[in-house]
2 protein chains.
Amino acid sequence: MYSKATLFDEHLSRLADAAKALSHPARLMILSVLAKRGTCICGDIVDELPLAQASVSRHLKVLKEAGLIQGEIDGQRSCYCIDGKSVERLRTELGQYLEELPGAEGACC
Amino acid sequence: MYSKATLFDEHLSRLADAAKALSHPARLMILSVLAKRGTCICGDIVDELPLAQASVSRHLKVLKEAGLIQGEIDGQRSCYCIDGKSVERLRTELGQYLEELPGAEGACC
DNA sequence: CCCATTAATCGTATAATTACGATTATAGAA
DNA sequence: TTCTATAATCGTAATTATACGATTAATGGG
């Protein structure tokens with residue numbers, strides 16, 4: 001109906017999508033768990049999160065679609081890890097975007 | 001029903017909320033417009049966005065609640081500007097969080 | 001072959017987000 | 001006072017996100 005994709009600049013849309021991937025504490029927690037433990041099977045993550053397996057699986061999917069993690073099937077498990085390159089790229093782009101916002105130091109008007 | 005606020009670590013919840021404020025291209029665009037023009041009245045922003053006045057007003061509210069912009073009533077207008085300190089703080093915190101995610105360079109498993 | 005384990009997906013319910021037009025409230029101009 | 005301009009809010013509709021339990025699919029063990 002109302003299409004963000006066409007109404008807004010491509011770059012802004014991509015950045016917004018990336019921010020959205022980070023916009024839920026469960027997803028940040030998953031990233032932290034992966035960072036701490038290196039490589040995890042899904043169950044490891046489920047054990048550390050206060051959510052049901054199905055919910056964690058969804059969050060993993062969101063992170064994977066955003067490219068922030070990799071996941072591959074390993075036997076009957078699924079193995080996840082952080083995609084360091086993507087995270088780094090996001091960190092740079094987001095940081096750059098925020099840095100280029102001058103921000104009038106004083107009060108408004 | 002399911003309370004993010006209590007289920008997750010306070011720091012992660014705050015970071016996620018901040019990311020959520022950045023998770024819509026209209027809001028990023030508003031920040032860009034404010035950065036470019038310094039200080040704006042609401043109408044200036046409405047003129048530059050492909051959205052109705054009511055919608056822009058809502059996005060402004062979200063940004064204000066997240067502390068990323070300041071807004072004050074100036075006569076019959078409303079005057080907005082970026083809150084440079086908050087943006088800088090967010091940039092630092094988000095950057096730090098992402099930087100501390102090691103990210104196993106190689107493949108998964 | 002049968003069973004257990006693992007994790008993705010389905011079905012569904014609820015909540016949050018987003019959008020618009022219409023309305024309201026305020027302040028300045030005439 | 002009355003009219004205009006500005007911007008917030010209301011009411012509502014549509015979409016998206018989130019959660020859970022149940023189911024499914026696939027692998028490996030016995």
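The values are calculated or read from the model by the stated rules, or taken from the named source; none is laboratory data. These numbers were taken from a predicted model, which means no experiment stands behind them. Cβ: placed from backbone, ideal geometry, glycine included. Neighbour counts: every protein chain shown.
Quick check on this structure: which one of B:Asp17, B:Asp9, B:Asp47 is away from DNA strand C (no atom under 16 Å from the Cβ) and at pLDDT 95 or above?
Values: B:Asp17 fails: away from DNA strand C (no atom under 16 Å from the Cβ); B:Asp47 fails: away from DNA strand C (no atom under 16 Å from the Cβ).
Going through B:Asp17, B:Asp9, B:Asp47 in turn, just one is away from DNA strand C (no atom under 16 Å from the Cβ) and at pLDDT 95 or above: B:Asp9.
Restricting region B:27-49 to residues that are farther than 17 Å from A:Glu100 by Cα and at the interface with another protein chain (Cβ under 10 Å from one of its Cβ atoms), the residue that is nearest to DNA strand D (Cβ to nearest atom) is B:Ile41.
Please work out if B:Ser32 is of a type outside the set (Phe, Trp, Tyr) and either under 30 Å from A:Asp74 (Cα atoms) or part of a loop (DSSP other than H, G, I, E, B) (or both). Break it down stepwise before answering.
Details: of a type outside the set (Phe, Trp, Tyr): yes; either under 30 Å from A:Asp74 (Cα atoms) or part of a loop (DSSP other than H, G, I, E, B) (or both): no.
Answer is no for this residue.
Does A:Lys4 count as at pLDDT below 95 and facing chain B (nearest Cβ under 7 Å)?
Values: at pLDDT below 95: yes; facing chain B (nearest Cβ under 7 Å): yes.
Yes, satisfied.
Here B:Thr39, B:Thr6 are screened, and the one residue that is among the β-branched types (Val, Ile, Thr) and surrounded by fewer than 17 Cβ atoms within 10 Å (Cβ to Cβ) is B:Thr6. Cβ separations smaller than 9 Å between residues 6+ apart or across chains give no pair from region A:50-74 residues that are within 12 Å of another protein chain (Cβ to nearest Cβ) and in a helix (DSSP H, G or I) to residues that are of a type in the set (Asp, Glu) and within 11 Å of DNA strand C (Cβ to nearest atom).
Of all residues in region A:27-45, those that are touching a residue at least 12 places away in the same chain (Cβ under 8 Å) have Cβ atoms under 6 Å from Cβ atoms of residues that are within 15 Å of DNA strand D (Cβ to nearest atom) and small (Gly, Ala, Ser), 6 or more apart or on another chain, in A:Cys42/A:Ser78.
Which is more than 20 Å from A:Leu12 (Cα to Cα) and away from DNA strand C (no atom under 13 Å from the Cβ), of B:Leu34, B:Leu94, B:Leu101, B:Leu90?
Values: B:Leu34 fails: more than 20 Å from A:Leu12 (Cα to Cα); B:Leu94 fails: more than 20 Å from A:Leu12 (Cα to Cα); B:Leu90 fails: more than 20 Å from A:Leu12 (Cα to Cα).
Answer to the check: B:Leu101.
The lone criterion from (1) more than 20 Å from B:Leu101 (Cα to Cα); (2) in contact with a helix residue (DSSP H, G or I) (Cβ under 8 Å, 6 or more places away or on another chain); (3) within 16 Å of DNA strand D (Cβ to nearest atom) left unmet by A:Glu100 is number (3).
Could you list all residues from region B:18-31 that are closer than 17 Å to A:His11 by Cβ and aliphatic (A, V, I, L, M)? Don't jump to the end; show me each part of the working.
Restricting attention to region B:18-31, the residues satisfying the condition of being closer than 17 Å to A:His11 by Cβ are B:22-31.
Listed by number, the residues that qualify are B:Leu22, B:Ala26, B:Leu28, B:Met29, B:Ile30, B:Leu31.
Only a single item in (1) surrounded by 14 or more Cβ atoms within 10 Å (Cβ to Cβ); (2) near DNA strand D (Cβ under 10 Å from one of its atoms); (3) more than 8 Å from chain A (Cβ to nearest Cβ) is not met by B:Ala18, and it is number (2).
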